[in-house]
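Read the structure below first, then the notes.
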Amino acid sequence: MYFAIGKKVWFFGKRNNYITPKDFFKHQYGSEALGNIIAVVMLIFTLPYLQIQLTGGAYLIEVASGGIIRFEFAALLFYLVIIIYVWSGGLRAVAWTDIFYGVLLFFGMIFAGFYIADLLGGPSEMFSQLREVRPENLALHENAWMAWIAMFIITPVGSLMGPQLWTRMYAVKSARLFNLMPFLLGFAAIAYIGSMLVGNSGVILEPGVEEADKILPIILYKYGPFVLASFLIACCAAAAMSTANSQIHAMSAVYTVDFHSTYINKNLTEKQLVWVGRWCILILSAIAYVMALFVPGLLVNIGLVALAGTAQVIVPTVGALYWKRSTVAGAVSGLLVGIIALVIFTFIPGTIPGPFAHGGGGLLALILNTIVFIIVSSATKERPKDLIEELGVQFDDFYAQKYE
């Protein structure tokens, strides 16, 4: 996806000075309304994903303190740290801290996984014990295949379409550096071997744990030295912070550039816009904090709903880049159908049909979005001819420079 979609997004962003995701859709489709709809979708569905970073970080602090620091205050502490450096340093602060966080996350999660698995005699022995104690953990249930297929499609697509990824794609300096991004992303994913080992070891070591999302800090502090456990917890907190800081910054930019400076006050100076963005950071963080307190749920489930929402944006994105016949009406219709279907599937039990009923609601919403987009685009007026010609020239330049 980085090469097939992201590279073109990067190229058009550099060529046309895009700042937010809305700029891409406003230019490619010639529609302010479509850009606004996508900006709203991104804001709404990035908030619950921001919530799970806050919740995860709060769990780490709560368990690390032995319950002395309660969840509510732990979540507040976690976000105060992020707000301070994003408020003061902006995107540059996000970039530099993410380098530090990335190193901590990569080595810390791998070490934590093998350290905890070693308590059971190593990964091989751990899986042998798991086969005896909980064999169902090592096989898909009869109805689980759809949930896994949906997860492996929705998660990467929804992640790529998050506003923080658009910001990062625009920010890359050169094509050579952009080519490095998918490699680094794939390399960093090796760290999740650690979380896989932690989760499976936890089934054996702490089978009675009430809140599964707390399994890592519980095991580390129960079975490991305090100093080592605390260091590994800091590494895990880095994972949440590295995601949360870029989400907060990107959402603030979306509101400030796409709505405030466009519809509320068009005459703001650059300095005033920066202050609007900073206050937006505080407000969005406060909303996510309230959601963490009052919208409970297993973190992976909340995350999948959030990613399923941002994943809907992939349809008009691919349409703009690969199908000249795509239209504004098709993009808007597909998005609305996909989002409405996702909301219905999420909040009204029993509405997901057939095999999709077992964890595939987000994927079905994406399929419906795609079908409606194709049908409506085929039946409605094409984008203006001069716009298609302008974009065609830019596509020719993209291929002439051998960026593909």
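The values are calculated or read from the model by the stated rules, or taken from the named source; none is laboratory data. Small disclaimer: the values here were computed from a predicted structure and weren't measured. No Cβ is skipped: glycine too gets one built from the backbone with ideal geometry, and neighbour counts run over all protein chains shown.
If you check Tyr49, Tyr79, Tyr85, which single one turns out to be of a type in the set (Phe, Trp, Tyr) and under 17 Å from the mean Cα position of the chain (by Cα)? Explain how you work it out, then say what you get.
Values: Tyr79 fails: under 17 Å from the mean Cα position of the chain (by Cα); Tyr85 fails: under 17 Å from the mean Cα position of the chain (by Cα).
It is Tyr49.
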Single condition Glu390 does not satisfy, out of (1) without any contact (Cβ under 8 Å) to a residue 12 or more places away in the chain; (2) exposed (fewer than 12 other Cβ atoms within 10 Å of the Cβ): (2)
Hey, Ala171 touching a residue at least 60 places away in the same chain (Cβ under 8 Å), surrounded by fewer than 19 Cβ atoms within 10 Å (Cβ to Cβ) and out of contact with any helix residue (DSSP H, G or I) (no Cβ under 9 Å at 6 or more places or on another chain) or not: no
Cβ pairs under 7 Å, 6+ apart, first in segment 348-359 and touching a residue at least 60 places away in the same chain (Cβ under 8 Å), second of a type outside the set (S, T, N, Q) and in a loop (DSSP other than H, G, I, E, B): His358/Ala144
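Results for (1) modelled with pLDDT under 90; (2) within 17 Å of Tyr255 (Cα to Cα), shown as yes or no for each residue.
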site	(1), (2)
Lys7	no, no
Trp10	no, no
Lys22	no, yes
Phe25	no, yes
Pro48	yes, yes
Gly56	yes, no
Gly67	yes, no
Phe78	yes, no
Ile99	yes, no
Test set (1) free of Cβ contacts under 8 Å to residues at least 24 places away in the same chain; (2) in a helix (DSSP H, G or I) - Ile69 fails condition number: (2)
Residues located in segment 335-372, provided they are in contact with a Ser or Thr (Cβ under 7 Å, 6 or more places away or on another chain) and surrounded by 17 or more Cβ atoms within 10 Å (Cβ to Cβ): Phe345, Gly361, Val372
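Please go through segment 28-40 and give me each residue that is β-branched (Val, Ile, Thr) and either within 17 Å of Ala329 (Cβ to Cβ) or assigned to a loop (DSSP other than H, G, I, E, B) (or both), ordered by number. Outline the logic, then answer.
Start the filter on segment 28-40 by keeping residues that are β-branched (Val, Ile, Thr), which leaves 37-38, 40.
Answer for segment 28-40, where residues must be β-branched (Val, Ile, Thr) and either within 17 Å of Ala329 (Cβ to Cβ) or assigned to a loop (DSSP other than H, G, I, E, B) (or both): Ile37, Ile38.
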Residue in segment 116-127 that is surrounded by 19 or more Cβ atoms within 10 Å (Cβ to Cβ), within 29 Å of Leu293 (Cβ to Cβ) and touching a helix residue (DSSP H, G or I) at 6+ places or on another chain (Cβ under 9 Å) present: no
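Under the condition of being hydroxyl-bearing (Ser, Thr, Tyr) and more than 20 Å from the chain's Cα centre (by Cα), which residue from segment 172-213 is nearest to Ala112 (Cα to Cα)? Spell out the reasoning first.
Applying the first criterion (hydroxyl-bearing (Ser, Thr, Tyr)) to segment 172-213 yields 174, 192, 195, 201.
If we keep only those that are more than 20 Å from the chain's Cα centre (by Cα) as well, we get 174, 201.
Values: Ser174: 36, Ser201: 11 Å.
It comes out as Ser201.
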Evaluation of Leu120 against (1) over 30 Å from Leu284 (Cβ atoms); (2) assigned to a helix (DSSP H, G or I); (3) not small (Gly, Ala, Ser) (one fails), failing number: (2)
Residue ranges of helices (runs of 4 or more DSSP H) in segment 298-404 with at least 3 members hydrophobic (A, V, I, L, M, F, W, C), more than 30 Å from Ser174 (Cα to Cα) and modelled with pLDDT of 95 or more: 328-347, 361-379
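So which residues in segment 112-125 are in contact (Cβ under 8 Å) with a residue 60 or more places away in the chain and over 31 Å from the mean Cα position of the chain (by Cα), if there are any at all? Full working, then the answer.
Start the filter on segment 112-125 by keeping residues that are in contact (Cβ under 8 Å) with a residue 60 or more places away in the chain, which leaves 112-117, 119-120, 123.
Listed by number, the residues that qualify are Leu119, Leu120.
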Enumeration of residues in segment 243-275 that are over 15 Å from Gln53 (Cβ atoms), buried (at least 20 other Cβ atoms within 10 Å of the Cβ) and β-branched (Val, Ile, Thr): Val254, Thr256
In segment 207-232, the residues that are without any contact (Cβ under 8 Å) to a residue 24 or more places away in the chain, touching a Gly at 6+ places or on another chain (Cβ under 9 Å) and surrounded by fewer than 17 Cβ atoms within 10 Å (Cβ to Cβ): Val209
